[in-house]
Amino acid sequence: MQKDDAKLELPNKEAVELAIKHGTLGQPVIDIQQLGHQGYFTFDPGFMSTASCKSAITFIDGDNGILLHRGYTIADLVQNSSYLELCYLLMNGELPDQTQSDNFSSEIRQHTLVHEQLRNFYSGFPRSSHPMAILCGVVGGLSAFYHDSLNIDNPEHRHIAAMRLIAKMPTIAAMAYKYSIGQPFVYPQNNMSYAENFLHMLFSVPAEPEERPDPILVNAMDRILILHADHEQNASTSTVRTAGSSAANPFACIAAGIAALWGPAHGGANEAVLNMLEEIGSENNIPKYIARAKDKSDPFRLMGFGHRVYKNFDPRAKLMQETCYEVLNHLDLLDDPLFKLAMKLEKIALQDEYFVEKKLYPNVDFYSGIVLRALKIPKSMYTAVFATSRTAGWVANWLEMLGQPPLRITRPRQLYTGHTQRPFVPIDKRT
Ligand code: ACO
């Protein structure tokens, strides 16, 4: 890293020299760690200007629509790789050779089953539970089953916990779906790819003759998994790091990430896109909803549009759009009214002055919601599919953080705006 300095003038103090640090790509950062000793904190709600950690996993250039995982473009990875290969890359920093790839896949296969006792967790939930509620509980509950891998200071424990999480997420998510519709759980099939197995566990029914999932739909699922696998220090990944910074166990950390992902401003967006399209209902209603999205007094936002980092285009959205057309064409759904409505909405929003001026483009979830619907995955499962995929990024970031000792607990400060100290008033003297 190169180093130079910035100078900060503070009232009634000598100027403070702050090191400017340069990564290999991206904006330089001003190292403010010593500011606290000068009697000042910085104020940055939402971390609009704050780098919270050093990381070598993912790079995003939001202005130019670039997303790199370990230096490889997302387009390259989507076209040439598979989800499991990407998991290996995110966790280990390099693409695997054939032997490493085979070993990694076979190790994942060894962990796809969940403990039979874990099945009982499901029956405690109402059938109507949101799958994300089940995921938060069940993934956190994994901590109770794997005492052999909870020592976070042991690299082998960290590795096995990471592998278990990646391997079991599709099984746990598919079980949440099966439970919600009252069908028996379907066990994983280890002769299938990760994406194929996921579709198998979601849609196979023991009473029906076994049919392997359609390869085009398997490819679409693999692409959804690749495109959502990691995205730098987003809200859920930062949450996993924050939970991990207290030395919490990996299953608890990932459960925290699942909770953060659930919100509609983050992973809940793909479900929210479909809810919005259903609410709009017909192309005639689009102008009314566009007007609502622009009205500051109306909380309605066009879901699937805008991104905190991508202010020109979301490179994942382009790749997801390709898959969207491929799947809809394959399933003969190009005339589907909801899809036509979505395309009309996209066209109108892309030409609307408000959206153009604020650089609000369709994000990956605008298209992934439509693809997931075509795959017949119910809306409530969309965020669970996202969580399954993002587990790769969460564990990679958790591993990276623990591999960079010393582990320092995340403890932000605040700008206090409450009362100054005041005397307690007994209840009979309060007015
Ligand atoms: N519809 C209408 N207006 C919008 C939208 C939208 N989808 N998104 C942003 N704006 C407006 C805001 O009102 C704001 O206007 P102002 O400058 O007049 O106040 C301006 O555009 C900037 O928006 P911010 O909310 O400040 O941008 P921020 O970076 O904080 O938010 C976010 C990004 C949360 C993604 C936002 O665009 C949004 O809510 N989009 C819809 C939800 C969504 O699709 N989320 C998925 C994100 S991708 C992912 O998680 C994989």
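The values are calculated or read from the model by the stated rules, or taken from the named source; none is laboratory data. On a predicted model such as this, the values are computed, not experimentally measured, just so you know. Neighbour counts are summed over all protein chains in view; Cβ atoms, including those assigned to glycine, are modelled from backbone coordinates with ideal geometry. Only protein heavy atoms, including side chains, enter the accessible area calculation; ligands, DNA and RNA are left aside. Shrake-Rupley method; radii C 1.70, N 1.55, O 1.52, S 1.80 Å.
Conditions tested, residue by residue: (1) outside any helix (DSSP H, G or I); (2) at pLDDT below 95; (3) within 16 Å of the ligand (Cβ to nearest atom); (4) crowded, with 22+ Cβ neighbours inside 10 Å.
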site	(1), (2), (3), (4)
177	no, no, no, yes
187	yes, no, no, no
195	no, no, no, yes
198	no, no, no, yes
201	no, no, no, yes
206	yes, yes, no, no
209	yes, yes, no, no
225	no, no, yes, yes
233	yes, no, yes, no
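Of the residues 103, 80, 92, 64, which single one is loosely packed, with under 11 Cβ neighbours inside 10 Å and either among the polar types (S, T, N, Q) or at pLDDT below 95 (or both)?
After ruling out the rest, the residue left standing is 80.
Given 56, 15, 19, which one is small (Gly, Ala, Ser), open to solvent by 50 Å² or more (accessible area, probe 1.4 Å) and not assigned by TED's automatic domain parsing to the domain that holds residue 394?
Just a single option satisfies the conditions, and that option is 56.
In the stretch 64-107, what count of residues is obtained for those that are touching an Asp or Glu at 6+ places or on another chain (Cβ under 9 Å), assigned to a strand (DSSP E or B) and of a type in the set (A, V, I, L, M, F, W, C)?
2
Can you name the number of the only condition in (1) more than 25 Å from residue 87 (Cα to Cα); (2) open to solvent by 20 Å² or more (accessible area, probe 1.4 Å); (3) modelled with pLDDT of 95 or more that residue 153 fails?
(1)
Does the stretch 353-365 contain at least one residue that is surrounded by fewer than 22 Cβ atoms within 10 Å (Cβ to Cβ), farther than 26 Å from residue 288 by Cα and without any contact (Cβ under 8 Å) to a residue 12 or more places away in the chain?
no
Which of the residues belonging to the stretch 238-274 are open to solvent by less than 20 Å² (accessible area, probe 1.4 Å) and either among the aromatic types (Phe, Trp, Tyr) or away from the ligand (no atom under 11 Å from the Cβ) (or both)?
Of everything in the stretch 238-274, those that are open to solvent by less than 20 Å² (accessible area, probe 1.4 Å) and either among the aromatic types (Phe, Trp, Tyr) or away from the ligand (no atom under 11 Å from the Cβ) (or both) turn out to be 240, 241, 244, 245, 250, 251, 253, 254, 255, 257, 258, 274.
In this structure, does residue 290 turn out to be within 16 Å of the ligand (Cβ to nearest atom) and either surrounded by 21 or more Cβ atoms within 10 Å (Cβ to Cβ) or farther than 25 Å from residue 331 by Cβ (or both)?
Taking the combined requirement at face value, the residue satisfies it.
Show the residue pairs meeting these rules: Cβ distance below 9 Å; 6+ apart or different chains; first residue within the stretch 176-187 and more than 17 Å from residue 126 (Cβ to Cβ); second residue assigned to a loop (DSSP other than H, G, I, E, B) and of a type outside the set (A, V, I, L, M).
Every condition considered, the pairs that remain are 184/206; 186/204; 186/206; 187/112.
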